[in-house]
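J.: Sharing a structure with you now.
The values are calculated or read from the model by the stated rules, or taken from the named source; none is laboratory data. None of these values were measured; they are calculated from a predicted model. Here the Cβ positions follow ideal geometry from the backbone for every residue, glycine too, while neighbour counts run over all protein chains shown. In case anyone asks, the SASA skips ligands and DNA or RNA and just uses the protein heavy atoms, side chains included. Shrake-Rupley method; radii C 1.70, N 1.55, O 1.52, S 1.80 Å.
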Amino acid sequence: MKNLQLDGEKKRIFSGVQPTGNLHLGNYLGAIKNWVNLQNDIFSIFSIVDLHAITVPQEPLKLKSSTHEVAAAIIASGIDIDKSILFNQSLVKEHSELAWILNCVCRIGWLNRMTQFKEKAGKNKENATVGLYGYPVLMAADILLYKSTHVPVGDDQKQHIELARDIASSFNNMFTSDNEEDFFTLPKPQIIGEAKRVMSLRDGTKKMSKSDASDASRINLTDTKEEISNKIKKAKTDPHPLPSTLQELKDRPEAHNLLSIYSSLSDQTLEKVLKEFSGKGFSYFKPKLIDLAVETLNPISLEMRNLLKDTNQIDKVLKNGAQKAREIAEPVLKDIKNLVGFIN
Ligand code: AMP
Ligand code: TRP
């Protein structure tokens with residue numbers, strides 16, 4: 001394995017996905033597709049973040065099967081487990097330990113600004129778990145435990161990475177003196193591609209999400225060809241032909257979303273896709289999008305099904321990944337404990 005030790009200018013990627021329900025096209029285009037591309041150039045660590053998942057109630061058996069499914073989806077999408085590290089977060093205890101230390105660095109005022117907490121807690125904030133409130137601190141711990149430099153995510157996670165930067169910089173100020181090199185480099189969000197925020201197929205103003213009550217709102221990585229086709233056929237549109245400029249897409253969220261999905265799936269810029277379809281109706285565009293989506297996603301779902309036949313093998317992969325992750329995490333946490341003043 002290359003670059004296990006971080007020296008000098010080396011880049012290192014960390015990213016995570018929660019094992020809560022099926023992965024969908026938003027997870028794929030916003031995150032996993034980029035992970036697959038980046039892993040060849042930058043040493044990467046990917047985690048199935050089960051500690052994050054339990055910040056809202058989870059059914060234990062379902063949590064296990066979702067962890068298997070997400071692992072299978074990541075491998076089937078092209079993550080190479082010999083080149084990159086893949087593991088489930090709870091197998092590396094250093095994540096929880098560092099989260100506690102960072103809880104004592106992060107300020108309540110910073111967490112109060114987090115929009116995802118407000119969305120997830122809803123009206124009943126008093127009843128949300130302390131874990132849901134502290135979720136972004138655990139996420140900062142995930143990233144900083146490996147001294148990661150780059151974090152490829154969808155647009156919705158940008159605020160959390162900015163918080164991780166604030167925590168890292170505050171830690172540096174508290175524990176490294178002026179004449180020393182900063183302990184943490186500040187991690188950068190990598191929000192890449194034309195589908196940074198994939199929207200619901202039923203409402204172009206709402207994010208595509210695992211928790212949407214309507215299955216028709218999202219394309220799951222496990223969907224069959226027929227399901228993909230039906231969902232795109234029924235996807236909400238507007239009555240106008242497709243425009244030729246980005247400006248004209250501004251007030252057309254559904255058209256914007258479907259065209260962005262097309263451009264991300266075909267690795268073309270949105271401008272180029274607009275040129276191709278300008279003046280055409282959705283009845284012309286949708287069959288092309290269906291073909292492209294099926295062509296990309298079908299091999300992934302077939303491979304996922306194949307991998308899921310042997311969940312013991314998936315467990316082995318995750319445990320092996322966790323062992324490699326700990327080789328990096330343990331010495332970093334030891335240094336952190338030392339800086340904080342713990343005897344260890
Ligand atoms: P989650 O399912 O919330 O754990 O998200 C895993 C990854 O997928 C994160 O990098 C998210 O930013 C990304 N993601 C989730 N939903 C979307 C979406 N609708 N569009 C783009 N990226 C998304
Ligand atoms: N919070 C992220 C999400 O829901 C998942 C996540 C947890 C993550 N830890 C991370 C992403 C560290 C990037 C880096 O999408």
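J.: I need the calculated FRET efficiency for the pair Gln323 and Lys62, taking r as the beta carbon distance and R₀ as 35 Å, to the nearest 0.05.
T.: Working: r = 26 Å, r/R0 = 0.75.
Calculated value: 0.85.
J.: Along the charge dipole of segment 155-248, pointing to its positive end and built from +1/-1 on Cβ of Lys, Arg, Asp and Glu, which listed residue (Thr176, Thr224, Ile192) has its Cα farthest out?
T.: Ranked along the dipole, the leading option is Thr224.
J.: Which order do Thr185, Thr222 take when ranked by solvent-accessible area (1.4 Å probe, heavy atoms of all protein chains), largest first?
T.: In descending accessible area the options line up as Thr185, Thr222.
J.: Same structure again: Write down the accessible area per residue of segment 58-117 in Å², having rolled a 1.4 Å probe over the full set of protein chains. Write out the running numbers ahead of the final one.
T.: Numbers: 2690 Å² over 60 residues.
For segment 58-117, the per-residue accessible area is 45 Å².
J.: Okay, next question. Projected onto the charge dipole of segment 1-111 (+1 at Lys/Arg Cβ, -1 at Asp/Glu Cβ, origin at the Cα centre), which of His24, Ile81, Trp110 gives the Cα projection farthest towards the positive end?
T.: Value computed over the given set: Trp110.
J.: Near the amide H of Leu186, under 5 Å away, which other amide H atoms are found, from residues 5 or more places off or on another chain, if H is placed in the peptide plane?
T.: The answer is none.
J.: Which of the three applies to segment 174-313, rounded, prolate or oblate, going by the alpha-carbon gyration tensor with a ≥ b ≥ c and a/c under 1.5 meaning rounded?
T.: Working: a/c = 2.31, a/b = 1.35, b/c = 1.71.
Oblate shape, in that a/c is at least 1.5 and b/c is the bigger or equal ratio.
J.: Just the projected area, averaged over all directions, of the convex hull on the alpha carbon atoms of segment 196-242: how many nm²?
T.: Numbers: hull surface 15.9 nm².
Here the figure is 4.0 nm², rounded to one decimal.
J.: Select from the chain the helices, each a whole stretch of DSSP H, whose alpha-carbon atoms run 30 Å or more along the helix axis and whose Kyte-Doolittle mean is at least 0.0; answer none if there are none.
T.: Working: long enough: 282-307 (36 Å, 0.19); 311-340 (41 Å, -0.51).
Going by DSSP H runs, the hits are 282-307.
J.: How big is the gap, in Å, between the Cα center of segment 11-27 and the Cα center of segment 281-299?
T.: Comparing the Cα centres of segment 11-27 and segment 281-299, I get a distance of 24 Å.
J.: Give me the distance in nm between label points sitting 7 Å out from Cα along the Cα-to-Cβ direction at Lys206 and Thr176, one decimal.
T.: 4.4
J.: Let me ask you something else. With a Förster radius of 35 Å, plug the Cβ-Cβ distance of Leu111 and Asn338 into 1/(1 + (r/R0)^6) and report the FRET value to the nearest 0.05. Each step should come with its number before you reach the end.
T.: Details: r = 27 Å, r/R0 = 0.77.
It comes out at approximately 0.85.
J.: Ignoring ligands, DNA and RNA, what percent of the 1.4 Å accessible area of the chain is carbon and sulfur? Kindly include the intermediate steps, with their values, before the conclusion.
T.: Numbers: 8380 of 16630 Å².
Taking all protein chains in place, the chain shows 50 percent carbon and sulfur surface.
J.: Additional query: Given H placed on each backbone N at 1.01 Å, which residues far from Gly16 in sequence or on other chains put an amide H within less than 5 Å of it?
T.: Counting only residues 5 or more places away or on other chains, the set is Ser47.
J.: Quickly work out the Asp251-to-Asp80 label distance, labels modelled 7 Å from Cα along the C-beta direction, and quote it in nm with one decimal.
T.: 4.9
J.: Size of the dipole of the chain about the Cα centre, Lys and Arg at +1 and Asp and Glu at -1 on the beta carbon, nothing else charged, in debye to 20?
T.: Working: 46 positive and 43 negative charges, 154 e Å.
With only Lys, Arg, Asp and Glu charged at Cβ, the dipole is about 740 debye.
J.: Suppose every K and R has +1 on its Cβ and every D and E has -1 on its Cβ; what is the size of the dipole of segment 246-344 about the Cα centre, in Debye to the nearest 20? Before the final figure, lay out the partial values.
T.: Details: 15 positive and 14 negative charges, 42 e Å.
Roughly 200 debye, rounded to the nearest 20.
J.: A further question on this structure: With contacts defined as alpha carbon pairs under 8 Å and 6 or more residues apart, what's the relative contact order of the chain in percent?
T.: Details: 506 pairs, mean separation 80.0, N = 344.
Relative contact order, the chain: 23 percent.
J.: Lysines within cross-link reach of Lys272: Cα-Cα under 22 Å, excluding same-chain residues under 8 positions apart?
T.: Qualifying lysines at Cα under 22 Å: Lys33, Lys196, Lys250, Lys280, Lys286, Lys288.
J.: Also: Could you tell me what % of all Cα pairs in the chain have separations over 31 Å?
T.: Percent of Cα pairs beyond 31 Å in the chain: 36.
J.: Continuing with the same structure: For Val130 and Tyr284, what is the calculated FRET efficiency with R₀ set at 56 Å and r taken between the beta-carbons, to the nearest 0.05?
T.: Values: r = 52 Å, r/R0 = 0.93.
Step by step, r from the Cβ atoms, then E = 0.60.
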